[in-house]
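Q: Have a look at the structure that comes next, please.
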Amino acid sequence: MKILLVGAGLSGAVIGRELAEAGHDCRIIDARPHIAGNCHTERDADTGVMMHVYGPHIFHTDDEGVWDYVNRFTRFMPFQNRVKTTAQGRVYSLPVNLLTINQFFGTTLHPEEARAFIESKADTTITDPQSFEEQALRFVGPELYEAFFKGYTEKQWGCSPTELPASILKRLPVRFNYDDNYFFHRFQGMPQDGYTAMVAAILDHPRITVDLGTEYSPDMAADADHVFWSGPLDGYFDYRLGRLGYRTLDFERFSHDGDYQGCAVMNYGDRDVPYTRITEHKHFSPWESHQGSVCYREFSRQAEPGDTPYYPIRLVKEKSLLEQYVDLAHATPGVTFVGRLGTYRYLDMDVTIREALETALAFTSRGNTLSAFVQSPV
C-alpha cells in the first residue's frame, strides 16, 4: 500500500519504519526543514556543543522493549538528569528530597523524621485535593509550595495554581532520601550522536521517502491508501471549530566561555524572575568536552497561530473542544491521528514510541485498515 505520514518526528518515523518493513511504501512529509520534530538536535558551529534546538529531551523509560528498539538505531550514553533550582536567593536540589528539606529548613533530619516533619507542615484539612495548589498544600505545606512550586507553575502555565488540576503535581515526587535523580526509570540516557541522527537511522529504509519543507495539502491524501497524521488535531480540520490551547516556549540563547552554571538544568522558582529555567546544553553530553558553552533561558507563554505547540493545556474549555474534534476525526475515513499533537496529550518520548509501535502493529494486524485513533485522546 501507499502510506502518507505527516510529520517526521518520532511518531511518523517509527510508524513509517514498521510499515516499510512490512512491505508498504511510505512517504513522510514535514513542513520544517529537518527531521526529528521537537527533539531535533544539531551541532553548534562555534562551540561544537550538541544543541537540543527545541529545548532539552532526556530519554527515560521502564519499557525494556522501547529501550531495545531505540538502541537498534543509535548508541545511548549514560545520563541522569540532576536538576537544581534557584529560589529565594539560594540553590537547592530537585526534586524535593531529604537534602532539599534539610537545606531549606536548616535541619539535619533523618528520613522518618523528615517525613513526620513535612506531615506537620501539611494542611491536613484538605482531604480530597482538587487543584494543584490544594495538592501542594496538602502534601508539602505552604513553605515548600511557595518556594518551589507556586511561582514556577504560574510562569509555566500562565495561570494560578488554583486553576490547574491536582494531577499535574502528582507527577512530581517528594523523596525522603538523598536521591536527586530527577527520573526514577530503569533506563535513562542520551543518544551519543543526538536525536536527529537516531531518527535518521530509523528512516533509513528503501521503502521510505522523506520530503522536508513540505506542507500537507488535502490532495496528497488522494494518492495514498492511508494517512497517519501527527500534526495538531485541530490543524487537520483547518481549525474550523476553534483552536485547542497550547503553551509554547521562547528561548533566549546566549554563549559563555567556560562553564556557566555547572549543571544541565537550573530552575528559577521565584515569580519575579521571568524565565522558568536555564539549560546549559554541553552538560547533556557529559562524555564530550567543550570549552565554550551555549545556554537557553526558557520562557513559557500561550501559543499563538504560527507558534510551535509544546504542552496541551487540557483544561475544561479545551476538553470540550477536543471532544468535538474527536467526533470529526471519527467521521473522517482513511486517517489515523497519532502522537502528542495528533491526540492532544502530553507524551514522553518512550510513550510516543510505544504507541507508534502499537499503531503500526494494529494497522498490519487489522488488514491494513485503522480507525481515527488507536489511543483515544478523551
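Q: Restricting to the stretch 173-193, and then to whatever is surrounded by 15 or more Cβ atoms within 10 Å (Cβ to Cβ) and of a type in the set (S, T, N, Q), can you tell me which residue is nearest to GLU42 (Cα to Cα)?
A: Within the stretch 173-193, the match that is nearest to GLU42 (Cα to Cα) is GLN192.
Q: Which one of these is closer than 27 Å to GLN80 by Cβ, in a helix (DSSP H, G or I) and open to solvent by less than 40 Å² (accessible area, probe 1.4 Å): LEU99, LEU144?
A: Numbers: LEU99 fails: open to solvent by less than 40 Å² (accessible area, probe 1.4 Å).
Residue meeting the stated conditions: LEU144.
Q: Which one of these is more than 20 Å from the chain's Cα centre (by Cα) and within 25 Å of TYR346 (Cα to Cα): GLU119, GLU112, GLU163? Before the answer, list the steps.
A: Numbers: GLU119 fails: within 25 Å of TYR346 (Cα to Cα); GLU112 fails: within 25 Å of TYR346 (Cα to Cα).
Exactly one of GLU119, GLU112, GLU163 is more than 20 Å from the chain's Cα centre (by Cα) and within 25 Å of TYR346 (Cα to Cα), namely GLU163.
Q: Here is a follow-up. What number goes with the only condition from (1) of a type outside the set (Phe, Trp, Tyr); (2) buried (at least 19 other Cβ atoms within 10 Å of the Cβ); (3) touching a residue at least 40 places away in the same chain (Cβ under 8 Å); (4) not in a helix (DSSP H, G or I) that PRO286 does not pass?
A: Just one mismatch for PRO286, condition (2).
Q: While we're looking at this one, here's another question. What about SER293, is it over 17 Å from the mean Cα position of the chain (by Cα), among the small types (Gly, Ala, Ser) and open to solvent by less than 20 Å² (accessible area, probe 1.4 Å)? Quick ask: steps written out before the conclusion?
A: Numbers: over 17 Å from the mean Cα position of the chain (by Cα): yes; among the small types (Gly, Ala, Ser): yes; open to solvent by less than 20 Å² (accessible area, probe 1.4 Å): yes.
Here the answer is yes, as SER293 does meet what is asked.
Q: Just give me the residues in the stretch 213-263 being open to solvent by less than 20 Å² (accessible area, probe 1.4 Å), closer than 21 Å to CYS39 by Cβ and β-branched (Val, Ile, Thr), in sequence order.
A: THR248
Q: Going through the stretch 341-374 one residue at a time, which ones are of a type in the set (Lys, Arg) and touching a residue at least 60 places away in the same chain (Cβ under 8 Å)? Give the derivation first.
A: So the first thing to find is which residues in the stretch 341-374 are of a type in the set (Lys, Arg), and the list is 345, 354, 366.
The one that is of a type in the set (Lys, Arg) and touching a residue at least 60 places away in the same chain (Cβ under 8 Å): ARG354.
Q: Would you please name the residue that is farthest from HIS24 (Cα to Cα), looking only at residues in the stretch 198-212 that are touching a strand residue (DSSP E or B) at 6+ places or on another chain (Cβ under 7 Å) and open to solvent by 40 Å² or more (accessible area, probe 1.4 Å)? I'd like the intermediate steps shown before the answer.
A: Of the residues in the stretch 198-212, the ones touching a strand residue (DSSP E or B) at 6+ places or on another chain (Cβ under 7 Å) are 198, 203, 207-212.
With open to solvent by 40 Å² or more (accessible area, probe 1.4 Å) added as a condition, the list becomes 207, 209-212.
On the way: ARG207: 7, THR209: 12, VAL210: 14, ASP211: 17, LEU212: 20 Å.
Looking at residues that are touching a strand residue (DSSP E or B) at 6+ places or on another chain (Cβ under 7 Å) and open to solvent by 40 Å² or more (accessible area, probe 1.4 Å), I get LEU212.
Q: Being more than 30 Å from GLY65 (Cα to Cα) and among the β-branched types (Val, Ile, Thr) narrows it down to one of VAL294, VAL335, so name that one. First the steps, then the outcome.
A: Numbers: VAL335 fails: more than 30 Å from GLY65 (Cα to Cα).
On inspection, the qualifying residue turns out to be VAL294.
Q: Hey, VAL378 hits all of (1) farther than 15 Å from GLU18 by Cα; (2) in contact with a strand residue (DSSP E or B) (Cβ under 9 Å, 6 or more places away or on another chain); (3) open to solvent by 60 Å² or more (accessible area, probe 1.4 Å); (4) not aromatic (Phe, Trp, Tyr) but one; which does it fall short on?
A: That leaves (2) as the condition not met.
Q: When both residues are 6+ apart or on different chains and their Cβ atoms are under 7 Å apart, which pairs have a first residue that lies in the stretch 309-322 and is within 12 Å of LEU341 (Cβ to Cβ) and in contact (Cβ under 8 Å) with a residue 40 or more places away in the chain, and a second that is surrounded by fewer than 20 Cβ atoms within 10 Å (Cβ to Cβ) and among the charged types (D, E, K, R)?
A: If the second residue must be surrounded by fewer than 20 Cβ atoms within 10 Å (Cβ to Cβ) and among the charged types (D, E, K, R), the pairs left are TYR310/ARG247; TYR311/ARG247; PRO312/ARG345.
Q: Here's another thing I want to ask about it. Would you check if there is a residue in the stretch 294-304 being under 20 Å from PHE237 (Cα atoms) and either touching a residue at least 40 places away in the same chain (Cβ under 8 Å) or of a type outside the set (A, V, I, L, M) (or both)?
A: Pass one, the stretch 294-304, residues under 20 Å from PHE237 (Cα atoms): 303-304.
Now narrow it down to the ones that are either touching a residue at least 40 places away in the same chain (Cβ under 8 Å) or of a type outside the set (A, V, I, L, M) (or both): 303-304.
For the stretch 294-304, residues under 20 Å from PHE237 (Cα atoms) and either touching a residue at least 40 places away in the same chain (Cβ under 8 Å) or of a type outside the set (A, V, I, L, M) (or both): present.
Q: Okay, moving on. Search the stretch 207-223 for residues being without any contact (Cβ under 8 Å) to a residue 60 or more places away in the chain and not hydrophobic (A, V, I, L, M, F, W, C), and hand back the single one that is farthest from SER11 (Cα to Cα).
A: Per the criteria, the residue is ASP219.
Q: Of all the helices (runs of 4 or more DSSP H) wholly in the stretch 295-378, which have at least 2 residues that are of a type in the set (Val, Ile, Thr)?
A: Working: elements: 316-330, 339-342, 349-365.
The helices (runs of 4 or more DSSP H) meeting that bar are 316-330, 349-365.
Q: Quick one: would you say GLU119 is touching a residue at least 60 places away in the same chain (Cβ under 8 Å), under 15 Å from ARG175 (Cα atoms) and open to solvent by 60 Å² or more (accessible area, probe 1.4 Å)? Spell out how you get there, then give the answer.
A: Values: touching a residue at least 60 places away in the same chain (Cβ under 8 Å): no; under 15 Å from ARG175 (Cα atoms): yes; open to solvent by 60 Å² or more (accessible area, probe 1.4 Å): yes.
No, not satisfied.
Q: Same structure again: Looking for whichever is modelled with pLDDT under 95, surrounded by fewer than 20 Cβ atoms within 10 Å (Cβ to Cβ) and either more than 24 Å from the chain's Cα centre (by Cα) or more than 15 Å from PRO173 (Cα to Cα) (or both) here; the options are THR127, THR107. Which one fits?
A: Values: THR107 fails: modelled with pLDDT under 95.
The unique qualifying residue is THR127.
Q: In the stretch 363-371, is there at least one residue being out of contact with any Phe, Trp or Tyr (no Cβ under 9 Å at 6 or more places or on another chain), among the hydrophobic types (A, V, I, L, M, F, W, C) and at negative phi? I'd like the intermediate steps shown before the answer.
A: Restricting attention to the stretch 363-371, the residues satisfying the condition of being out of contact with any Phe, Trp or Tyr (no Cβ under 9 Å at 6 or more places or on another chain) are 364-368, 371.
Filter again for among the hydrophobic types (A, V, I, L, M, F, W, C), leaving none.
Looking for residues that are out of contact with any Phe, Trp or Tyr (no Cβ under 9 Å at 6 or more places or on another chain), among the hydrophobic types (A, V, I, L, M, F, W, C) and at negative phi, one finds none in the stretch 363-371, hence no.
Q: Being part of a strand (DSSP E or B), open to solvent by 20 Å² or more (accessible area, probe 1.4 Å) and not aliphatic (A, V, I, L, M) is the filter here; which residues of the stretch 79-91 pass it?
A: Here is the first cut: in the stretch 79-91, the residues part of a strand (DSSP E or B) are 84-87, 90-91.
Subsequent filtering for residues that are open to solvent by 20 Å² or more (accessible area, probe 1.4 Å) retains 84, 86, 90-91.
Listed by number, the residues that qualify are LYS84, THR86, ARG90.
Q: Can you name the residue in the stretch 304-334 that is closer than 30 Å to MET1 by Cα and of a type in the set (Ser, Thr, Tyr) and is also surrounded by the most Cβ atoms within 10 Å (Cβ to Cβ) among such residues? Walk me through it before giving the result.
A: In the first step, residues of the stretch 304-334 are kept if they are closer than 30 Å to MET1 by Cα; the result is 325-334.
Add one more test, that the residue is of a type in the set (Ser, Thr, Tyr), and what stays is 325, 332.
Working: TYR325: 23, THR332: 17.
The extreme case among them is TYR325.
The values are calculated or read from the model by the stated rules, or taken from the named source; none is laboratory data. The model shown is predicted, which means the values in this text are computed figures rather than measured ones. Positions of Cβ are generated from backbone atoms using ideal geometry, with glycine treated the same way; all protein chains shown enter the neighbour counts. Just the protein is used for accessible areas: all its heavy atoms, side chains included, with ligands, DNA and RNA removed. Shrake-Rupley method; radii C 1.70, N 1.55, O 1.52, S 1.80 Å.
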